[in-house]
Amino acid sequence: MNDIIEAVRKTALELCQRAGLKAGHFVIVGCSTSEIAGCDVGTNSDAEIGAAVFRALNDVFSERGIWLAAQCCEHLNRAVIIEREASSGREIVNAIPIIEAGGAFATAAYAGFHDPVAIACIQADAGLDIGGTLIGMHLKRVVVPVRLEASSVGKTFVIAARTRPMYVGGARAKYDESLI
């Protein structure tokens, strides 16, 4: 378990640095505890792994003022668990994740957040996909892959992404390099 926690922390720290994340940004995380354990997604959810991954991510992100958004599994239509404080302007949906419908990671997030709510969707600034959970629907429109040194957790892969504003204006336009 310590190896999993350390891999998650390293991955989250590297994403913060490489994506230029700042206080107030959202990071969507999809996590298959089954895949971390070496099983097929959705076949062996593990509450202990889910809780460990949540704690490691929440520690890294909350220290920096970054909001963690936990993606539920397909049985809750990939709803997202966030802190109520961060839900302003977002439609809250009525769902409480459990391991069998939501997954171990989202269940741990719901238990671990101070005042959790479920929302239907979010447009996050960056994301971590741990085990092929398909987080793309919850990222802002222009997604840029982030190549991480720490590209695995347990027995599965991690894909990271950040977003950037769209370029508009064409060849004569001037762009703000700090937004790239």
Which residues, taken from the range 74-127, are closer than 19 Å to residue 12 by Cβ and touching a Cys at 6+ places or on another chain (Cβ under 6 Å)? 103, 105, 106
Please find, among 21, 68, 57, 15, the residue that is surrounded by 19 or more Cβ atoms within 10 Å (Cβ to Cβ), within 15 Å of the chain's Cα centre (by Cα) and part of a loop (DSSP other than H, G, I, E, B). 21
Would you tally the residues in the range 72-110 being in contact with a Phe, Trp or Tyr (Cβ under 8 Å, 6 or more places away or on another chain) and touching a residue at least 60 places away in the same chain (Cβ under 8 Å)? 3
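Here's the yes/no breakdown for (1) surrounded by 13 or more Cβ atoms within 10 Å (Cβ to Cβ); (2) under 22 Å from residue 45 (Cα atoms); (3) of a type in the set (Gly, Ala, Ser):
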{"site": "87", "(1), (2), (3)": "yes, no, yes"}
{"site": "93", "(1), (2), (3)": "yes, no, no"}
{"site": "105", "(1), (2), (3)": "yes, yes, no"}
{"site": "109", "(1), (2), (3)": "yes, yes, yes"}
{"site": "122", "(1), (2), (3)": "yes, no, no"}
{"site": "130", "(1), (2), (3)": "yes, yes, no"}
{"site": "180", "(1), (2), (3)": "no, no, no"}
What are the residues in the range 85-140 that are assigned to a loop (DSSP other than H, G, I, E, B) and small (Gly, Ala, Ser), if any? 87, 88, 89, 95, 103, 120, 131, 132
For the range 39-79, what are the residues that are farther than 23 Å from residue 7 by Cα and either out of contact with any Gly (no Cβ under 6 Å at 6 or more places or on another chain) or modelled with pLDDT of 95 or more (or both)? 74, 75, 77, 78, 79
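The values are calculated or read from the model by the stated rules, or taken from the named source; none is laboratory data. Note that the structure is a prediction, hence the values are computed from the model and not measured. As a convention, Cβ positions derive from the backbone with ideal geometry for all residues, glycine included, and neighbour counts pool all protein chains shown.
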